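Right, one structure below, let's go through it.
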Amino acid sequence: MACGLPRIRAMHDWFKRSALFALFCIATSPYSIWACSDFYTKIPNVPRALCRAADLKPSAARSVQGRPILLRDLALAGAQRRVLVVATMHGDELSAASVALHWLQMAQAAPLQTHWRFIPVLNPDGLMRRKPQRMNAHGVDLNRNFPTPNWQRETKVYWEQRTGKDPRRWPGPKPLSEPESRYLYDEMARFQPQLIVSIHAPYGVLDFDGPVMPPTQLGRLYLDQVGVFPGSLGNFSGVQRGIPVVTVELPHALVTPSSAEMARMWRDLLAWMDKTLPVQQPVQPEADDPVLAQVVEERVYP
């Protein structure tokens, strides 16, 4: 029996170290680990390494069923342009979340003077159903739940007459009735984006709402402005508030574009942003004023 004591103690120490390591991993990145082993496994073309590298963090918001809405901020010091990327507002548009995560990786690889905020899955409850659904857990189409003018009348007319009371497009009982749409509404107020990129599927077009010249194409998607709908994010942000909304309608809800096509779309988006929303360059001091030059250098490049 005495001969077995060292072995028992060694096993005890090994289990103890393993438990401590597991607790450390959970404490350091609980939501990334959980997300990448839970609902992000349903998203096409997202290896676990890509999901882990996204390093998603919990926002202050949760879905109807209590799932955290995850986000990731990417910003260099002094970034002067703010862009919000939101995807999977409709839970059955799985490719939208995939493209958001691939674009997040591209933003990490080539940081620019832009503060990016990515929300890859706004509607986790719709995504997590056995058969993913467009609506959230209350059966509300989140993209008809934003507070556009005359919401009660216009959404009722739209839903009843244009959709024939299609349950997949029910706007809800009142504007911002849902925690997911309220979160995005509040996030817009907090973040103050100069541009919103909203990723959807499966119409295979590029839509746009806003006061600036729209992009004509992103990759193989060409501009086709499909209209303004009551309660939609494009109407609320682009038309009513003057914050441009680029709506990317991918060709397929369950299949992502190729890696080359996603990269091409990303490059086209950046090129349009540089042309339409240029980053303001810091004012440079006179060359013969070294004191002022030092002050500006410390202020602009800490």
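Readers should treat all values here as calculations from the given coordinates under stated rules, not as data from a laboratory. Computed from a predicted structure; not experimentally measured. Backbone-built Cβ (ideal geometry, glycine too); neighbour counts: all protein chains shown.
Of the residues contained in region 125-134, none is found to be under 14 Å from the mean Cα position of the chain (by Cα) and surrounded by fewer than 23 Cβ atoms within 10 Å (Cβ to Cβ).
Table: residues versus (1) part of a loop (DSSP other than H, G, I, E, B); (2) in contact (Cβ under 8 Å) with a residue 24 or more places away in the chain; (3) under 21 Å from the mean Cα position of the chain (by Cα); (4) surrounded by fewer than 15 Cβ atoms within 10 Å (Cβ to Cβ).
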| position | (1), (2), (3), (4) |
| --- | --- |
| Ala137 | yes, yes, yes, no |
| Arg153 | no, no, no, yes |
| Gln161 | no, no, no, yes |
| Gly164 | yes, no, no, yes |
| Arg168 | no, yes, no, yes |
| Glu187 | no, yes, yes, no |
| Pro202 | yes, yes, yes, no |
| Pro215 | yes, yes, yes, no |
| Val226 | yes, no, no, yes |
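Checking each residue in region 255-280 for being aliphatic (A, V, I, L, M) and under 21 Å from Thr88 (Cα atoms) picks out Val255, Met262, Ala263, Met265, Leu269.
Selection of region 140-151 for residues being under 21 Å from Thr88 (Cβ atoms) and part of a helix (DSSP H, G or I) yields Leu142, Asn143, Arg144. Evaluating Ser258 against the criteria (1) among the hydroxyl-bearing types (Ser, Thr, Tyr); (2) more than 16 Å from the chain's Cα centre (by Cα); (3) closer than 23 Å to Arg82 by Cα leaves one unmet condition, (3).
Does region 234-243 include one or more residues that are closer than 19 Å to Arg81 by Cα and more than 18 Å from the chain's Cα centre (by Cα)? Don't jump to the end; show me each part of the working.
Just the residues of region 234-243 that are closer than 19 Å to Arg81 by Cα, to begin with: 237-238, 241-243.
Those still in the list that are more than 18 Å from the chain's Cα centre (by Cα) too: 241-242.
Yes, the conditions are met somewhere in region 234-243.
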